[in-house]
Amino acid sequence: MHIVVKADDQQRAEFLSKNIPGTVLVTWLSDDPSIPGADAYFDLLFEEQGSTFTGITDKPVFVNAVILTGETLPANCIRINAWNGFLKREIIELATADIPAGSQDAQTYIQAIHILDELGWKYHPVPDTPGMVAARVIAMIINEAYFGLGDEISSKAEIDTAMKLGTNYPYGPFEWSEKIGLIKIYNLLKKLHQTDSRYAVAPALEKEINFL
């Protein structure tokens, strides 16, 4: 099987950490600016640089599109969460909507599952909503930490330590925000807040965004 991947250095490292089988040929687009024929494509820089594989219409294209939903993407695109720290997780999120049987979306989904099986990756279908599941939860945790910071409950370092020791999280909320990128968290919260008041951005987070 042949896959083509567009990624930055950190995403590339996380991709390779998933132990790609020897039966899978990986072409990194950064090494070759032309787009070769392949069985599937991974556009992990979609959020930063926009679509790269617009000319690919008959093969599955996995896109790192955490905020945008499937209705805004071509039918052969499958949303995954490849934010920093998420791609290397044991199970990846695969955003799926209600797919009519026999549609191109259904065929793309079948192809996508086959690709993931060939890679040996575990996956979990999640709703085709902004943030999917994990990013939505992490964004809320980070936002609540900023509310606490704004109320002067404690410092960033102390809140991170408390969350890691108290909940066994791998990172504290402020460490997560640095790893993912605070602007991504902010944009997701703003999108979610359009339909749910619980995601109102913490003033301390808003203030920090204004200084970026």
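Annotations
- Of the residues in segment 135-151, at least one is assigned to a loop (DSSP other than H, G, I, E, B) and of a type outside the set (A, V, I, L, M).
- Residue in segment 114-131 that is surrounded by 18 or more Cβ atoms within 10 Å (Cβ to Cβ), within 12 Å of the chain's Cα centre (by Cα) and either assigned to a loop (DSSP other than H, G, I, E, B) or modelled with pLDDT of 95 or more (or both) present: yes
- Options 146, 199, 171: the member that is of a type in the set (Phe, Trp, Tyr) and either in the same structural domain as residue 83 (by TED's automatic domain parsing) or within 22 Å of residue 129 (Cβ to Cβ) (or both): 199
- Residue selected from segment 18-57 under the condition touching a residue at least 60 places away in the same chain (Cβ under 8 Å) and within 16 Å of the chain's Cα centre (by Cα), by the criterion farthest from residue 81 (Cα to Cα): 18
- Search result, residues across segment 1-58 that are loosely packed, with under 14 Cβ neighbours inside 10 Å, in a loop (DSSP other than H, G, I, E, B) and of a type in the set (S, T, N, Q): 17, 19, 23, 30, 34, 54, 57
- Meets criteria (over 17 Å from residue 65 (Cβ atoms) and assigned to a helix (DSSP H, G or I)) for residue 184: no
The values are calculated or read from the model by the stated rules, or taken from the named source; none is laboratory data. Predicted, not measured: the structure shown is a model, and the values here were computed from it. As a convention, Cβ positions derive from the backbone with ideal geometry for all residues, glycine included, and neighbour counts pool all protein chains shown.
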